[in-house]
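Here the structure comes first, spelled out in structure tokens, and everything after it is commentary.
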Amino acid sequence: AQSVTQLGSHVSVSEGALVLLRCNYSSSVPPYLFWYVQYPNQGLQLLLKYTSAATLVKGINGFEAEFKKSETSFHLTKPSAHMSDAAEYFCAVSRNDYKLSFGAGTTVTVRA
Amino acid sequence: NAGVMQNPRHLVRRRGQEARLRCSPMKGHSHVYWYRQLPEEGLKFMVYLQKENIIDESGMPKERFSAEFPKEGPSILRIQQVVRGDSAAYFCASSPGDQSNEQFFGPGTRLTVL
């Protein structure tokens, strides 16, 4: 069975600062990897997806993530945080591209 | 193009009652997935359905839970004889079934069992 670990349930950053959200997965073969964002009272929205093409994946809203097989990691970054980035972020992994296994989520708050 | 619709958004039931959660996929999507999110946990896969077929129900509890996606109408997640441990947010997602298989999520139904 696959699992996803997100380090840090809460992250607080200043507006304009780097956002770094950590995600590690356990899988015997390279999986599909995803980052989703959830705003209050809304469904999850896909930020980006890794499917064994380029290891650096660019997503929406200025986010990107790098797949590192040697570290089994797929950390999410954004160079400069905006107030609108305050939300909950979920890392997810799939072997077959439909059964998603999610991490517990990281809540991001942005300080003015 | 409306997104994935779920209703009700909030549902309160007493122990022993039945809960019915509805999900209307995005237009043109024929694949539906249900996930459950318990407090302080990530979403957990429950079931994957295509029209009139259950493809994978490996995440569904063996008893009291059932799901369907009829030829016409929304997908239904049914929980019989609810218990307090069923209190959670239930999310539905849909996909078109093409190679991208990106899942589009609804806003969820928050079930509270008293």
Out of A:Phe90, A:Phe74, sole residue that is of a type in the set (Phe, Trp, Tyr), within 9 Å of chain B (Cβ to nearest Cβ), assigned to a strand (DSSP E or B) and within 24 Å of B:Glu40 (Cα to Cα): A:Phe90
Assuming A:Tyr32 fulfils every condition listed in (1) over 17 Å from B:Phe91 (Cα atoms); (2) crowded, with 16+ Cβ neighbours inside 10 Å; (3) away from chain B (no Cβ under 11 Å) apart from one, which condition is it? (3)
Would you confirm whether any residue within segment B:32-45 is assigned to a strand (DSSP E or B) and surrounded by fewer than 13 Cβ atoms within 10 Å (Cβ to Cβ)? no
Enumeration of residues in segment A:66-91 that are within 12 Å of A:Val37 (Cβ to Cβ) and either among the aliphatic types (A, V, I, L, M) or surrounded by 15 or more Cβ atoms within 10 Å (Cβ to Cβ) (or both): A:Leu76, A:Lys78, A:Asp85, A:Ala86, A:Ala87, A:Glu88, A:Tyr89, A:Phe90, A:Cys91
Filter result (within 15 Å of B:His10 (Cβ to Cβ) and either in a strand (DSSP E or B) or aliphatic (A, V, I, L, M) (or both)) within segment B:93-110: B:Thr109, B:Arg110
It is to be established whether one or more residues within segment B:54-72 are among the polar types (S, T, N, Q) and touching a residue at least 40 places away in the same chain (Cβ under 8 Å). no
Number of positions in segment A:19-50 that are part of a strand (DSSP E or B) and polar (S, T, N, Q): 4
Out of B:Leu43, B:Leu21, B:Leu77, sole residue that is of a type in the set (A, V, I, L, M), modelled with pLDDT of 95 or more and either under 19 Å from A:Gln38 (Cβ atoms) or touching a Gly at 6+ places or on another chain (Cβ under 9 Å) (or both): B:Leu21
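The values are calculated or read from the model by the stated rules, or taken from the named source; none is laboratory data. What you are looking at is a predicted structure, and each value in this text was computed from that prediction instead of being measured. Using ideal geometry, Cβ is built from the backbone for each residue, glycine included, and neighbour counts are taken over all protein chains shown.
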